[in-house]
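Peer 1: Please see the structure below; I have some questions.
The values are calculated or read from the model by the stated rules, or taken from the named source; none is laboratory data. Computed from a prediction, not measured in an experiment: that's the story for all the values here. So basically every Cβ, Gly included, is an ideal-geometry build from the backbone, and we count neighbours across all protein chains shown.
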Amino acid sequence: MDINIRRAVIHNVSENNQEQLRDTIVDAMQKGEEKYLPGLGVLFEVIWEHSDEQEKVHMLGTLESGLKQE
């Protein structure tokens with residue numbers, strides 16, 4: 001069975017508005033289950049691919065500082 005996780009995740013949320021997307025992300029993080037990590041990764045990939053260089057630098061700074069606090 002060939003499952004394309006990227007395609008499935010994008011299909012499942014492609015019609016969602018911002019509030020629904022936020023709820024999806026927050027819910028996945030609050031549950032803390034490993035099975036949600038691939039979906040969150042796909043969502044991050046979409047964000048990254050549609051961000052300009054300035055936004056990417058900002059995200060990397062946020063990531064770097066967040067990792068140092070963990």
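Peer 1: Check Lys31, Lys35 and return the single one that is within 14 Å of the chain's Cα centre (by Cα), free of Cβ contacts under 8 Å to residues at least 12 places away in the same chain and either on the phi < 0 side of the Ramachandran plot or surrounded by 12 or more Cβ atoms within 10 Å (Cβ to Cβ) (or both).
Peer 2: Numbers: Lys31 fails: within 14 Å of the chain's Cα centre (by Cα).
After applying the criteria, what remains is Lys35.
Peer 1: Which one of the conditions (1) surrounded by 10 or more Cβ atoms within 10 Å (Cβ to Cβ); (2) part of a helix (DSSP H, G or I) does Gln54 fail to meet, given that it meets all the rest?
Peer 2: Gln54 satisfies every listed condition except (1).
Peer 1: Continuing with the same structure: Which of the numbered conditions does Asn16 fail, given that it passes all the others? Conditions: (1) free of Cβ contacts under 8 Å to residues at least 24 places away in the same chain; (2) surrounded by 11 or more Cβ atoms within 10 Å (Cβ to Cβ); (3) not in a loop (DSSP other than H, G, I, E, B).
Peer 2: Going through (1) free of Cβ contacts under 8 Å to residues at least 24 places away in the same chain; (2) surrounded by 11 or more Cβ atoms within 10 Å (Cβ to Cβ); (3) not in a loop (DSSP other than H, G, I, E, B) one by one, Asn16 breaks only (3).
Peer 1: If I ask for residues that are out of contact with any helix residue (DSSP H, G or I) (no Cβ under 9 Å at 6 or more places or on another chain) and among the hydrophobic types (A, V, I, L, M, F, W, C), which ones from the range 17-43 would you list?
Peer 2: Scanning the range 17-43 gives a single hit, Val26.
Peer 1: All but one of (1) surrounded by 10 or more Cβ atoms within 10 Å (Cβ to Cβ); (2) at pLDDT 95 or above; (3) in a helix (DSSP H, G or I) hold for Ser65, so report the exception by its number.
Peer 2: For Ser65, the failing item is (1).
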